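Colleague: Below is a structure I'd like to ask you about.
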Amino acid sequence: MADDIFEHPRLVAIYDALDPDRSDLDVYAAIADELGAGRVLDVGCGTGTFALLLAHRGLEVTGVDPAGGSLGVARAKPGAERVHWIHGDATTLPPMQVDLATMTANVAQAIVDPSDWEGTLRGVYDALRPGGHLVFETRDPAYRAWQEWNRAASYGVTEIQGVGAVESWVDVTDVSGPLVSFRGTCVFASDGEVLTSESTLRFRGRDEVEAALVTHGYAVDEVRGAPDRPGQEFVFFARRSD
């Protein structure tokens, strides 16, 4: 089941407005160019920002996400007809042969169950053409990014057209080994409604991720740092090796 932030009508409607700077996606668009990708699978496409960015550049894009609320927002955006949207996940994809599959932002870490993670890697592998690439990011656990996930560090007020002012912040609620749980809170000034969303991310080390990729048939060509978070994230370039 998707988190409320991706499903609740009032929360998903303001998701993009609360995170307007998606310059991190420019890096992935450049990677698509670098790899010469013409067909792209965006796993965990959410509200469709990256899928639409690629589609506007003329690429053939499939976006898949388990959150119907997020997909509803994506499908309502200009140019949405250029993308093939799928309500589901990488374990239930129809037959396809893409050049590149991506998992941007928190997508890889949001797949917390080990069996779901393995299923995702298998599903993406099957969706890639031979020699196609899976590129995704995950935070380096050694950086302990969750130590900054608190109200003092994350509080903000966003003025949203048609909605009004919205206060928002996050608080960590639990750290259990590689699993970090946190609560996002939004307060709507127009009527005082307070909505929360509970989320959990799994922090995997570089060796763990590389081992999982190799086990599922990928060749790990390269591991880069994330330009927008230097020293904090790994960006994996994995290739279908057959």
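Colleague: I'd like the full set of residues that are β-branched (Val, Ile, Thr), more than 24 Å from Asp207 (Cβ to Cβ) and outside any strand (DSSP E or B), limited to the stretch 115-163. Give the derivation first.
Modeller: So in the stretch 115-163, the residues β-branched (Val, Ile, Thr) come out as 120, 124, 135, 138, 157-158, 160, 163.
Still in the running and more than 24 Å from Asp207 (Cβ to Cβ): 157-158, 160, 163.
Val163 - this is the single residue of the stretch 115-163 that is β-branched (Val, Ile, Thr), more than 24 Å from Asp207 (Cβ to Cβ) and outside any strand (DSSP E or B).
Colleague: Residue under question is Ala152, and the condition is that it be surrounded by fewer than 13 Cβ atoms within 10 Å (Cβ to Cβ) and either without any contact (Cβ under 8 Å) to a residue 60 or more places away in the chain or not polar (S, T, N, Q) (or both); does it hold?
Modeller: Details: surrounded by fewer than 13 Cβ atoms within 10 Å (Cβ to Cβ): yes; either without any contact (Cβ under 8 Å) to a residue 60 or more places away in the chain or not polar (S, T, N, Q) (or both): yes.
Yes, satisfied.
Colleague: Another one. Does Thr138 satisfy the criteria of being crowded, with 19+ Cβ neighbours inside 10 Å and of a type in the set (S, T, N, Q)?
Modeller: The answer is yes for Thr138.
Yes/no per residue for (1) farther than 18 Å from His216 by Cα; (2) touching a helix residue (DSSP H, G or I) at 6+ places or on another chain (Cβ under 6 Å):
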residue: Val61; (1), (2): yes, yes
residue: Gly69; (1), (2): yes, yes
residue: His87; (1), (2): yes, yes
residue: Ala101; (1), (2): no, yes
residue: Ser115; (1), (2): no, no
residue: Thr120; (1), (2): no, yes
residue: Ala142; (1), (2): yes, no
residue: Ala145; (1), (2): yes, no
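Colleague: Taking the condition of being among the polar types (S, T, N, Q) and in contact with a Phe, Trp or Tyr (Cβ under 7 Å, 6 or more places away or on another chain), how many residues in the stretch 51-103 meet it?
Modeller: Taking the stretch 51-103 as the starting set, the residues that turn out to be among the polar types (S, T, N, Q) are 62, 70, 91-92, 97, 102.
Applying the additional criterion that residues be in contact with a Phe, Trp or Tyr (Cβ under 7 Å, 6 or more places away or on another chain) yields 70, 102.
The total comes to 2.
Colleague: From the list Pro114, Pro78, Pro95, pick out the single residue that is under 22 Å from Ser241 (Cα atoms), of a type outside the set (A, V, I, L, M, F, W, C), over 13 Å from the mean Cα position of the chain (by Cα) and at pLDDT 95 or above.
Modeller: On inspection, the qualifying residue turns out to be Pro95.
Rundown of residues vs (1) over 30 Å from Ala127 (Cα atoms); (2) of a type outside the set (S, T, N, Q), yes/no style:
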| position | (1), (2) |
| --- | --- |
| Asp171 | yes, yes |
| Val175 | yes, yes |
| Val187 | yes, yes |
| Thr196 | yes, no |
| Val214 | no, yes |
| Val223 | no, yes |
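Colleague: Among the listed residues Gly72, Gly63, Gly46, identify the single one that is on the phi > 0 side of the Ramachandran plot and either among the small types (Gly, Ala, Ser) or out of contact with any Leu (no Cβ under 9 Å at 6 or more places or on another chain) (or both). Walk me through it before giving the result.
Modeller: Numbers: Gly72 fails: on the phi > 0 side of the Ramachandran plot; Gly63 fails: on the phi > 0 side of the Ramachandran plot.
None of the others qualify; the one that does is Gly46.
Colleague: Among the residues of the stretch 191-240, which ones are outside any strand (DSSP E or B), in contact with a strand residue (DSSP E or B) (Cβ under 7 Å, 6 or more places away or on another chain) and loosely packed, with under 14 Cβ neighbours inside 10 Å?
Modeller: Answer for the stretch 191-240, where residues must be outside any strand (DSSP E or B), in contact with a strand residue (DSSP E or B) (Cβ under 7 Å, 6 or more places away or on another chain) and loosely packed, with under 14 Cβ neighbours inside 10 Å: Val214, Gly231.
The values are calculated or read from the model by the stated rules, or taken from the named source; none is laboratory data. It should be emphasised that the depicted structure is a prediction, and the values quoted were computed from it without experimental measurement. Neighbour counts run over all protein chains shown; Cβ positions are idealised from the backbone, glycine included.
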